[in-house]
1. Over the range 447-655, what per residue volume does the convex hull of the Cα atoms give, in whole Å³?
2. Under a point spin-label approximation (7 Å from Cα along Cα-to-Cβ), what is the GLU434-ASP315 distance to one decimal in nm?
3. For a quick check: with amide H placed at 1.01 Å from N, whose amide H comes under 5 Å from VAL535's, ignoring anything fewer than 5 positions away on the same chain?
4. Consider a paramagnetic label point 7 Å from the Cα of GLU529 along Cα→Cβ; state which residues of the range 446-488 have an amide N under 16 Å from it.
5. Would you tell me the accessible area of ASP60, worked out with a 1.4 angstrom probe on the heavy atoms of the protein chains, in Å² to the nearest 10?
6. Can you run phi through the Karplus equation (6.51, -1.76, 1.60; θ = phi - 60°) for the range 578-590 and list ³J(HN,Hα) in whole Hz, with x for Gly and Pro?
7. Using only Cα atoms, find the angle between the long axis of helix 126-141 and the longest principal axis of the chain, and express it within 0 to 90 degrees, rounded to the nearest 10.
8. Quote to one decimal, in nm, the extra length available between THR83 and ARG465 on full extension: 0.36 nm per residue of separation minus the C-alpha distance between them.
Amino acid sequence: MKRLDKMIALLLVLALVGCGSAPQQGAPQEGSSGAVQDQQENPAEDTQSQAGDVQSQAADKSVYMDAGQDVEARVEALLAQMTLEEKLAQMVQPEQAGITSDDVRAYGFGSVLSGGGSAPAKGNSPEDWQERVNELKAAALETRLGIPLLYGVDAVHGNNNVYGTVIYPHNIALGATGDTKLVERIGAAAAEEVRAMGIQWTFAPTLGNPQNERWGRTYECFSEDPEEVARFGAAYIRGFQGEPGTEQYLDERHILACAKHFIGEGYTADGVNQGDVAMTPEEFDALLESGVIDPYTAALNEGVRTVMVSFHSVDGVKCHENRHLIRDLLKGKLGFTGLVVSDYNAIQQLSGATYKEQVRQGIEAGIDLFMEVYVWQDFLRCARELVEEGSLDEALIDDAVRRILRVKFEAGLFEEEIGGSAEQEMLSNVGSEEHRELARQAVRESLVLLKNDSVGEKTALEALREAENIRVCGQKAYDLGSQCGGWTITWEGRTGAVTRGTTIIEGIANQVMPEKTLTHDVQGEVLPENDAVIVVFGETPYVESGGDRTEASLAMAEGDRQMLEHLKESLAGQGKQDIPVIGIIVAGRPIPVEAYLEDFDALIMAWLPGTEGEGVADVLFGEYDFTGRLQYTWVKTPADIAEKFNEGNADRILFEKGYGLNRSGERLESF
Ligand code: BGC
């Protein structure tokens, strides 16, 4: 099913148009009640009929449709012919589930998105996506000006909304590989699986550097250290877009990346998603200068052409209305000439008392494209009224539209052949073995060995390789959905067989059977004949605010705790305390394990590895050794999180950033 809260919101919007209720996404937000009145006062047909009038006037396409012309000349030639309605339409980004091709023809939207889990109504195969995206793109070409549609999705670890695509490890795992070349290759492979469906834009990568792992988006970020984030972010962008200055850059096999979420996410108090960074503007500027801005400067140097603003606030002021950050810093000081997109319905959280006021705040702050997914008609009407009343300078609209058009020209959208041969070829390669092998390599390289004690003469992991009768315990061993985490098929992700892929236990079975005996038990029961145990445990999928945890709730899951208790009893009952017990954690962040460390002879952090679970078996039983290292400081208990970066607090740290062992138990060199 689709992103459920968003679909419910759509139904509410449809039901409430004309009766004055605020069109809200998910939980109601403060400060948006004005949308009610605005919506009542001015029905959508008004805007539509005006758009209809201008459609009868022929456009002069001689300059802007000429690929031989300079981009800026094309932008100006097109902009000069646009009516206010056509300009504003370029500035909205509806959700595909809420619009038809006729809407695209009537309004000429600048962009459309599929939010997390928003598959085409027809189905969720790559072919269904290609058909839906291309139908909407073709409709855009039928508008008076024929401005191509820019289609965006959250391909944050592969083209993850679509069934059968390759799901790569989440960014927290990619950071642990230390391998930026690999990340670049992943970006390129993921770009092909996205572009295969006609989609030209991913809202990725996330460039936050989380300071508090209670934050539900920790797994979307490469490292707590902005310098590492800068390296990995730039590599992913290079993969998505191709190398700037080469012919591959933004060609038909690449996609536009999006540096998100601007800026300072990961610093909110208590790690609260969309929360507040409790610093004065001066302190915040100093924080940015101390290195937190670096992932963005690196992204800009890498030729990133889109930036998404963050939901959070600084000193109580939402980034989406922070002119200092967007217009002065990003577009001014950093010289960004691409487009700035707002986050999902984020405008509705701004301080303005009415929706119209919020729209004005967003435009003045410097947002160009508005992800106002179901209330785009309100946006169009409010923005138009603001300009017509003289309370919003049309030059700001021109600045926004210029940027949107510039990016479309640069990305070759005006020359794009819908459903062309490159697209067809890439479609036949979606979910290919080649891409799966790349993801599997990433899984191998991302595993971090946290503990590897001696069992007899050998380390636990050496002993495991010699075992003949292996018991695998824990539900997470055969849970593809948990391996993939959030942003997989649905927005939140879910447990179970969500898509095509290999679970951890299937991967182990492929490598050790039939030579060895492999059995499993969810509860942690062992058998007299077992000579090694692998126990897989961790987190269940979550996304965004749904993943936020309190100190108390960031705990070992109750089911896992019981399973480990049972395992201990069962091992004692069988007199098997001397066989190696190998723990594998499947989770999107460092979780509290100190109290359980003694239960394992070896402990491996596998993060959220994605669909290619066999990468785990490659290192356990194959020819590969552990090379991953932590990009995060791993504390002993959740109560230590708030203090972990303070001097003199070494006793609060369980594993420091850079930590990782190899199979022989040696410490790897840190980053
Ligand atoms: C997230 C963004 C995402 C957007 C579109 C928002 O809820 O914060 O990261 O790109 O949705 O799906």
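The values are calculated or read from the model by the stated rules, or taken from the named source; none is laboratory data. Since this is a predicted model, take the numbers as computed values, not measurements. Positions of Cβ are backbone-derived with ideal geometry, glycine not excepted, and every protein chain shown enters the neighbour counts. All accessible areas refer to the heavy atoms of the entire protein, side chains included, with ligands and DNA or RNA removed. Shrake-Rupley method; radii C 1.70, N 1.55, O 1.52, S 1.80 Å.
1. On the way: hull volume 25.5 nm³, N = 209.
Cα convex hull per residue, to the nearest whole number: 122 Å³.
2. 5.2 nm
3. Hits under the 5 Å cutoff: CYS473, ILE582, GLY583, ILE584.
4. Under cut-off, by backbone N: 467-472.
5. 90 Å²
6. Once θ is set to phi - 60°, the couplings for the range 578-590 become 9, 8, x, 10, 10, x, 10, 9, 10, 7, x, 6, x Hz.
7. With rounding to tens, the tilt is 20 degrees.
8. Numbers: separation 382, 0.36 × 382 = 137.52 nm, distance 7.00 nm.
Extra length available between THR83 and ARG465 comes to 130.5 nm.
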